[in-house]
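S.K.: Before we start, here is the structure in question, set down as structure tokens.
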Amino acid sequence: MLRSRNYRIDKKTRDKYAEVKLSARDLIYPYFVVEGEGVRESIPSMEGVYQLSIDALIDDINEAYSYGIDKFLLFGVVDSSLKDDKGSSAWMENNIVSKAVREVKKRFPMLTIMTDVCVCGYTSHGHCGVLNADDQVDNDATIKNLARIAVSHAEAGADFVAPSAMMDGQVEAIRKELDKRGLIGTKILSYSAKYHSAFYGPFRDAVESAPAFGDRKTYQMDYRTIGQSIEEVEADIAEGADWLMVKPAHTYLDIIYMIKNKFPDKTLVGYHVSGEYAMIKAAAAKGYIDENEAMVEALTAIKRAGADHIISYFAKEYMSNLSKKD
Ligand code: PBG
């Protein structure tokens, strides 16, 4: 008889045989940055997540870093008066993300700062690109704009730019433009396999980017597909992506597992997205599940599936709970 229960006899023994353990350096903490001072505006559908002005962002990063978190992903949120049909406030001089990167890097040069490269939070129509006469996103016009955004973030000092628009050729367009300007040290974290998902709902409240008409199904992947994720990843690697991403994560563990196995030498990131976060928060608020246990289990599962890093709105809470226990 196999005496498997010997591995589980008490907590010390279980800890000893645990194969997967999440640590601070695995985590990437996302932030929503806005103009202003002293702004800490809560997002109703994402309890515990805020829109922060740069000063508040600095304070929050300081706290997160005290728990050992050293990687951050920044999203800009702009006033609707700044939105236009192209999303040009994403790359204008002194755009909110570039300003935030400069300030954060000045104070915390040792951190890894990543920036989201997309226009959905900056376009009046909420789509991830420029529209053509038929109201479809024009791929080749859009990637030029994505490259402009990436350059502005890289010039500000971003370590990674992270294109999330799911336009074909976006990684190549960005890499070329960065290299042309001598920004060869800036790396690309590509949202390679990004599926169209209902689980992005709360995020769209956070950046006020819900599409005004239609949906994102003509550019984000159909969740009934598997093989296309391999093609997307292969293309991104060929175009110069440094790190890869599968998104969402909790609902796409099979894709994470498969991509890690097919591309074991590439650093893989899983994005535990807003809806996956909000579900745990909401169920815990109702007393249906234990929040801390559900959070630890969900994030550990993403690492167990093969993600080297996890983008999570729980990152700070995870680490602060851990420090309280130790
Ligand atoms: C922007 C973008 C989205 C997310 C990250 N970047 C929204 C979308 O594509 O609709 C989702 C993140 C989350 O839900 O936590 N293109």
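Nothing in this text is a laboratory measurement; each read-out follows from the coordinates by a stated rule. Please read all numbers here as calculations on a predicted model, not as lab measurements. Here the Cβ is made from the backbone with ideal geometry for all residues, glycine too, and neighbour counts use every protein chain on show.
S.K.: Cβ-Cβ below 9 Å, separation at least six or inter-chain, first residue in segment 184-199 and within 20 Å of G169 (Cβ to Cβ), second more than 12 Å from the ligand (Cβ to nearest atom) and of a type in the set (K, R): which pairs?
M.R.: Partner pairs satisfying both residue conditions: I188/R175.
S.K.: Looking for whichever is farther than 24 Å from G270 by Cβ and polar (S, T, N, Q) here; the options are T225, T218. Which one fits?
M.R.: The match here is T218.
Okay, residues lined up against (1) under 16 Å from S190 (Cα atoms); (2) more than 16 Å from the ligand (Cβ to nearest atom); (3) crowded, with 21+ Cβ neighbours inside 10 Å:
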position	(1), (2), (3)
E234	yes, yes, no
K247	yes, no, yes
A305	no, yes, yes
L322	no, yes, no
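S.K.: Tell me, which helices (runs of 4 or more DSSP H) lie completely within segment 198-280 with 3 or more residues that are in contact with a strand residue (DSSP E or B) (Cβ under 6 Å, 6 or more places away or on another chain)?
M.R.: Where helices (runs of 4 or more DSSP H) fall fully within segment 198-280 and carry at least 3 residues being in contact with a strand residue (DSSP E or B) (Cβ under 6 Å, 6 or more places away or on another chain), they are 227-239, 253-262.
S.K.: Separate question: Somewhere in segment 61-69, is a residue free of Cβ contacts under 8 Å to residues at least 40 places away in the same chain and within 25 Å of M245 (Cα to Cα)?
M.R.: no
S.K.: Right, something else. Looking only at segment 91-127, which residues are more than 21 Å from I28 (Cβ to Cβ) and within 16 Å of the ligand (Cβ to nearest atom)?
M.R.: Hits for segment 91-127 are W91, N95, V119, Y122, T123, S124, H125, G126, H127.
S.K.: Here are some conditions: (1) within 30 Å of A285 (Cβ to Cβ); (2) surrounded by fewer than 21 Cβ atoms within 10 Å (Cβ to Cβ); (3) in contact (Cβ under 8 Å) with a residue 60 or more places away in the chain; (4) not hydroxyl-bearing (S, T, Y). E35 meets all but one. Which one does it not meet?
M.R.: (1)
S.K.: Scan segment 269-289 residue by residue and report those that are buried (at least 21 other Cβ atoms within 10 Å of the Cβ) and away from the ligand (no atom under 16 Å from the Cβ).
M.R.: none
S.K.: Scan (1) crowded, with 23+ Cβ neighbours inside 10 Å; (2) assigned to a loop (DSSP other than H, G, I, E, B) for the single condition G126 breaks and write down its number.
M.R.: Among (1) crowded, with 23+ Cβ neighbours inside 10 Å; (2) assigned to a loop (DSSP other than H, G, I, E, B), the lone unmet condition for G126 is (1).
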